[in-house]
Amino acid sequence: MESNSIKAKTELDQKPVESIAGQKIRELRIKNGYSLRALADRCGLNVNTLSLIENGKTSPSVSTLQQLALGLDVSIASFFNEQKIEKKIVFSAANQNQETFIGSTQLQNLGIDLAGNAVQPFIVTLQPGFGSGEQLIVHTGHEFIYCLEGFIRYKIQEENYLLNPGDSLVFESHLPHCWENIGDLPARILLVLFPADIRDEFGGRHFSLEYQRKDINMKIAVITDDGKTISQHFGRAAYYLVLTIEEGKIVNREMRNKLGHTHFQSDTHLASTDGSGHGIDPESHNKHINMAETISDCKVLLCGGMGMGAYESMRQLKIKPIVTEETDVDAAAQAFIDGKLIDHTELLH
């Protein structure tokens, strides 16, 4: 019996992330009484994209997960929580705390798997200037905060409370509140939520998109021919527009030349021999590597159309490709920053 249990756990641990998320999304959709098309319309997704996600055939982007979370009225974390046995007692060893990152904010859930989530204790590590956002939060129950390190400002209604190490707060969570690390160094707090309604979002809505935006510091590349519109064809486009984003704002634009199909006309094109799709072979992958050489400092690539081979090559190069129906560069970039840009993988060919 024990060996079977270990085997089952091993198989669970090895399950692909996209498979776990897809199954959970399907379960939540059915639980809420939505058809595939109804949920797709509610979230602004293509129904074929949603079907691919649910069947574990494509890995959804963070922005797509955010759209689904809003449509299903759950947190993104809900998509990765496997069916578990709820516990009456939870022991958290110092070296076994489960950590999650929302932007640069680190969460350690000290009550994972506790039956009913009646008590939700977290150790929260905040970088300077980060917190819950300026939008005041309300939820049910009570909230307890104990400052472990650094300096935290809690605003409850119109009054500010400055917490130094050893200071604490307890208050009714229906009072509008927000909080922020106002020091120059990382701060740590013990945050304990006591929701009165078990349907409250896990974590009490304390981590806003506004502050996730502030944590976006990267370069993204956009496939283009004119610097204003997104090209519909990755291979044929002449340029990359590289956008430098700092704290969720575009601070620099740079046009870079891009290799295209015309540069490889003398090469023999090899088709996939296993039916896996267009351009999925070693020779094509080498071409994609050459095409991406000038954007090796970018983490994301926005385009209007792409072959499956190029898409997979970018992922192997640690560049996240996003196929978008948005044609305006600025609109697409802002949607990406806001976490609303949908990866239309059904447009891959």
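Observations
- Selection count, segment 331-349, where residues are free of Cβ contacts under 8 Å to residues at least 12 places away in the same chain and not polar (S, T, N, Q): 1
- Qualifying residue in segment 125-132 (condition: β-branched (V, I, T) and crowded, with 18+ Cβ neighbours inside 10 Å): yes
- Residue among I342, I322 that alone is of a type in the set (A, V, I, L, M, F, W, C), surrounded by 20 or more Cβ atoms within 10 Å (Cβ to Cβ), at pLDDT below 85 and within 22 Å of I53 (Cα to Cα): I342
- Residue within segment 310-323 that is in contact with a Leu (Cβ under 8 Å, 6 or more places away or on another chain), in a helix (DSSP H, G or I), assigned by TED's automatic domain parsing to the domain that holds E293 and not β-branched (V, I, T) present: yes
- Test: residue in segment 285-297 that is under 23 Å from T64 (Cβ atoms), in contact with a Ser or Thr (Cβ under 7 Å, 6 or more places away or on another chain) and modelled with pLDDT of 90 or more: no
- Test: residue in segment 109-122 that is modelled with pLDDT under 85, part of a loop (DSSP other than H, G, I, E, B) and within 22 Å of I337 (Cα to Cα): no
- Residue match in segment 210-226 (condition: among the hydroxyl-bearing types (S, T, Y) and modelled with pLDDT of 85 or more): yes
- Close Cβ contacts (under 9 Å, 6 or more residues apart or on different chains) running from residues in segment 155-174 that are assigned by TED's automatic domain parsing to the domain that holds H139 and within 16 Å of I137 (Cβ to Cβ) to residues that are modelled with pLDDT of 95 or more and assigned to a loop (DSSP other than H, G, I, E, B) comprise Y161/D167.
- Hey, L317 in contact with a Phe, Trp or Tyr (Cβ under 6 Å, 6 or more places away or on another chain) and surrounded by fewer than 22 Cβ atoms within 10 Å (Cβ to Cβ) or not: no
- Selection from segment 37-47 of residues that are in contact (Cβ under 8 Å) with a residue 12 or more places away in the chain and surrounded by fewer than 15 Cβ atoms within 10 Å (Cβ to Cβ): G44
- Meets criteria (outside any loop (DSSP other than H, G, I, E, B) and buried (at least 19 other Cβ atoms within 10 Å of the Cβ)) for Y146: no
- Whether a residue is at pLDDT below 90 and farther than 29 Å from G248 by Cβ was assessed, and I137 does not pass this test.
The values are calculated or read from the model by the stated rules, or taken from the named source; none is laboratory data. Here the structure is a predicted model, which means the values were calculated and not measured. For neighbour counting, all protein chains shown are included, and Cβ atoms are generated from backbone atoms with ideal geometry for every residue, glycine included.
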